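Presented below is the structure to which this report refers.
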Amino acid sequence: MPAAPTTTTDVLVVGGGPSGLALAAELARRDLSVRVVAPHPPQPFAPTYGAWFDELPAWAQVCAAQVWTDVRVYTGSRPTPLMRPYALLDNARLLAALLERGGEGLCWTQGRVTGAHQRGALWHVQGNVGEEWTARLVVDASGHGGLLLPTPFAGGAALQTAYGIVARFKQAPSPPGAMVWMDYRAPHLNTAEVRAEPTFLYAMHLGADRYFVQETSLIARPAPSRDVMAARLHARLEALGTPPHDAESDEWVAFPMNAPAPVPGPVLAFGAAAGLVHPISGFQVAGALNDAPRVAAAVSVALLTGQDAAAAGWDALWPPERRAAREVHLLDLGALLELPGDRLGDFFAAFFRLPAAEWHAFLAPHTGVRRLARNMLRVFVHAPGAVRLPLARAALKHSGVSLRALREAARMKESARISHPSAAPARHPEAMTQSDDTRREANSGDIDQQEVIEEGMQGATGNVDADGLDPDVNRQKKLEELRENIAEISGEGR
Ligand SMILES: Cc1cc2nc3c(=O)[nH]c(=O)nc-3n(C[C@H](O)[C@H](O)[C@H](O)COP(=O)(O)OP(=O)(O)OC[C@H]3O[C@@H](n4cnc5c(N)ncnc54)[C@H](O)[C@@H]3O)c2cc1C
């Protein structure tokens, strides 16, 4: 990396996290001069980052420290195999790859930004010890909450929190060879405890007797404290009869999940500062790596042609469809906040009964509003009454959003009817037994919501499992295929 120039750069990126660096690298690849300002030198990102392997761009897949094909959730006593490889990122490799991608056009300046203002065509950015840097465009990638473009969290920030350790175990605390994405079983807690503070285990077998085990609160306002979460983790391990020994490290996770779509302004934002954390999963890293080239392309064209680069970046990052989808996700998040904690397992049981492509889409950063709304309705239809009522209440509370979503779904149904005039709606056998209930709860809007709910059931025909496979498929064979695919991608066995 070249020494920091004293001259003006095309772009100044505030923040040296994965998002800021990903965008900086893509901008530099397009022959722009880019300065990253962060309070620290380039250093491997501290958090333990996981991502769905298929969501990582190809160049980042080789930065995986480990990839699991046995990925499961427990929403009840039996595991649900997700059949979707999951990766733990090697942060040192990811950092090196990003710096290499940026090449000569990227410089790193150690400093803490305190403010920025525009004079003429240039931005003047101030550091906390009197520095001033100039650039044609400023990007706020300073992390959750934003520095130059503070995030307004409606009703206050709703946080994901977690406490995890890497340790050695005499007895396996989770299935050897597996990644447990979510384990809501908690026989060691009473219902009142679970209801008040629902948490789940997220666990990775790291090889031999090493495991990463993390107690996680998906989303809460107010959120449980670090002490509560650490006590929960140790109580779980104690109850499992798997106390850790030789703990290597611990990690506290706390970040907001309910960022709205930002209002575009003259400063561009990116990463967590731009509200890109997924409101249901809390994921962001893979999304930022994928968004960076598109946003960088828009910014570089605008800078080259003398257009408004911030506006071009905002349009590329938050197109109208993504903004509408955020509203639906925030509605879902509101529903999850209202759900009694002991019902979260049931909610996710219904969620993972969606066809695989649909739950993948629900957790993906760029899924359109219609598909999200349809899947939300499918989950609603599959969920037991105790889950459906709070969901319906949340939908009514935010009726503007839910009706918009329902209308979108209704429009979708209408166009489907026009293109398939004689198609009989597919019905899920279990959903048929719920139809009276569903009808009662649904018939309260200014459109025929029952029809919309049935539309939501399209495709959920009962002939696929959570992993989207026919129940008769040979899972062992499928796993072997997945392993072979991964070996091919990672270069192993060549
Ligand atoms: C512990 C933890 C674990 C997580 N795990 C996952 C996961 O497994 N998968 C996933 O997808 N997401 C995960 N997330 C959520 C999210 O993806 C991360 O928070 C991610 O780090 C956000 O990336 P970012 O680059 O936007 O912000 P950050 O990583 O927060 O980086 C912000 C950068 O801005 C710098 N900065 C801040 N203020 C200033 C200033 N005034 N001047 C200059 N620089 C400044 C910081 O020093 C840092 O370099 C996790 C979050 C946490 C906290």
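The values are calculated or read from the model by the stated rules, or taken from the named source; none is laboratory data. Keep in mind the model is a prediction, meaning the values are calculated, not measured. Using ideal geometry, Cβ is built from the backbone for each residue, glycine included, and neighbour counts are taken over all protein chains shown.
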Residue that is nearest to residue 53 (Cα to Cα) [pool: residues in segment 102-117 that are crowded, with 18+ Cβ neighbours inside 10 Å and away from the ligand (no atom under 13 Å from the Cβ)]
102
Within segment 1-29, residues being at pLDDT below 95 and either of a type in the set (A, V, I, L, M) or crowded, with 24+ Cβ neighbours inside 10 Å (or both) number 3
Please determine, by comparing only the residues of segment 144-160 that are modelled with pLDDT of 95 or more and surrounded by fewer than 18 Cβ atoms within 10 Å (Cβ to Cβ), which one is nearest to residue 254 (Cα to Cα).
145
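Does segment 264-276 include one or more residues that are surrounded by fewer than 20 Cβ atoms within 10 Å (Cβ to Cβ), of a type in the set (Gly, Ala, Ser), assigned by TED's automatic domain parsing to the domain that holds residue 105 and within 22 Å of residue 135 (Cβ to Cβ)? Lay out the reasoning, then the answer.
Filtering segment 264-276 for residues surrounded by fewer than 20 Cβ atoms within 10 Å (Cβ to Cβ) gives 264-266.
Narrowing further to those that are of a type in the set (Gly, Ala, Ser): 265.
Among the residues that remain, those that are also assigned by TED's automatic domain parsing to the domain that holds residue 105 are: 265.
Those left that are additionally within 22 Å of residue 135 (Cβ to Cβ): 265.
Yes, because at least one residue in segment 264-276 is surrounded by fewer than 20 Cβ atoms within 10 Å (Cβ to Cβ), of a type in the set (Gly, Ala, Ser), assigned by TED's automatic domain parsing to the domain that holds residue 105 and within 22 Å of residue 135 (Cβ to Cβ).
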Before we move on, is residue 65 surrounded by 22 or more Cβ atoms within 10 Å (Cβ to Cβ) and either in contact (Cβ under 8 Å) with a residue 60 or more places away in the chain or within 15 Å of the ligand (Cβ to nearest atom) (or both)?
no
Qualifying residue in segment 30-44 (condition: within 7 Å of the ligand (Cβ to nearest atom) and either under 21 Å from residue 301 (Cβ atoms) or buried (at least 21 other Cβ atoms within 10 Å of the Cβ) (or both)):
yes
Give me the residue from segment 118-169 that is among the polar types (S, T, N, Q) and without any contact (Cβ under 8 Å) to a residue 60 or more places away in the chain and, out of that set, nearest to the ligand (Cβ to nearest atom).
128
Report, by residue number, each residue of segment 280-309 that is over 20 Å from residue 29 (Cβ atoms) and either in contact with a strand residue (DSSP E or B) (Cβ under 7 Å, 6 or more places away or on another chain) or touching a residue at least 60 places away in the same chain (Cβ under 8 Å) (or both).
280, 281, 282, 283, 284
So residue 279 passes all but one of these: (1) out of contact with any His (no Cβ under 7 Å at 6 or more places or on another chain); (2) not assigned by TED's automatic domain parsing to the domain that holds residue 363. Which condition number does it fail?
(1)
Tell me, which residue of segment 299-318 that is surrounded by 19 or more Cβ atoms within 10 Å (Cβ to Cβ) and among the small types (Gly, Ala, Ser) is nearest to residue 375 (Cα to Cα)?
316
For segment 267-297, which positions are among the polar types (S, T, N, Q) and more than 10 Å from the ligand (Cβ to nearest atom)?
290
